[in-house]
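Data first, discussion second: the structure below is written as structure tokens.
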Amino acid sequence: MQIFEAVEINEFPYMETREITSGEKVRDVLTKENEDRVFLLVDHDGKRIWTYNGNRSPFKLQIYGGILATELRKQLKLFYRIFSLNIHSKDSKEFQEVMDKLIGGGRALPITKDSFSAPISKENITGDLSVHPGLNANKAIEMINELPKLNNYERRSLIIGNNIYSDEEITESFLKKEKIKSKTTKLGPINRGFMFFGDVNYSTRLIIKERKVQGLELFVKSDLEETPLELHVPLIQEEKLSRKGDLGKIIEAFKIPEKLPEEESQ
């Protein structure tokens with residue numbers, strides 16, 4: 001297994017790779033300390049190129065990683081296929097098998113600025129990435145819900161196409177043992193125009209399949225402390241409503257006195 005790191009540079013083509021030779025196994029490189037980096041793993045036995053984006057890696061660097069993976073595939077005469085390691089849970093068999101691969105030599109060479117023959121336009125960077133007009137929302141939800149959960153985060157909303165969804169907890173059984181199931185519920189269409197998620201410090205996850213946007217997930221920290229709403233209207237406490245009172249006192253309170261307090265003081 002060869003490992004390359006995607007690196008941003010200050011001149012065209014603004015990206016390159018550097019080979020990682022330290023460490024014995026892949027797990028020695030894909031550590032918590034390197035969560036802000038993007039790696040390309042070339043598996044010569046399985047003829048695969050794995051892309052791995054750390055949880056804190058910049059979005060632009062992740063885009064560069066996809067482009068560099070394509071360049072690696074061209075270099076290897078297209079016999080290799082590109083897969084995302086991030087779609088597998090870190091506890092899954094597939095992820096652990098990759099982590100246990102030994103780091104060694106291979107015929108893949110680092111991608112340098114000389115590997116690009118023509119300037120990369122914005123169209124080349126984004127490709128034909130789009131929201132598919134015939135997107136099946138139910139299949140997209142099913143696929144997205146099978147993705148690994150993020151530790152210490154909970155999903156607040158899910159946007160697919162023009163609709164927004166939320167997770168609802170439903171009690172399936174409570175006779176012998178209470179069982180709670182999470183169901184993705186459609187809330188309704190989103191507004192026309194643009195949306196700015198500024199009410200909470202969201203973390204977003206963009207899901208792409210076959211170069212088409214499937215959905216956008218909005219996550220918040222599980223221990224997020226939200227500021228309570230400040231009400232500027234008078235409140236009547238529940239205990240005051242439920243307490244028995246004297247109806248006569250209410251009627252008396254609405255009677256106009258024969259003499260006003262000012263007249264009595266004179």
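Overview of values
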| item | result |
| --- | --- |
| Hits in region 150-162 - residues which are more than 22 Å from Asp223 (Cβ to Cβ) and either in contact with an Asp or Glu (Cβ under 9 Å, 6 or more places away or on another chain) or in a loop (DSSP other than H, G, I, E, B) (or both) | Ile159, Gly161, Asn162 |
| Residues (part of a helix (DSSP H, G or I) and among the small types (Gly, Ala, Ser)) located in region 134-149 | Ala137, Ala140 |
| Every residue from region 23-34 that is surrounded by fewer than 16 Cβ atoms within 10 Å (Cβ to Cβ) and free of Cβ contacts under 8 Å to residues at least 40 places away in the same chain | Thr31, Lys32, Glu33 |
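No value in this document is a laboratory result; all are computed from the given coordinates. Everything numeric here is computed off the predicted structure, so don't read it as measured data. Every residue, glycine among them, receives a Cβ derived from its backbone with ideal geometry; neighbour counts consider all protein chains shown.
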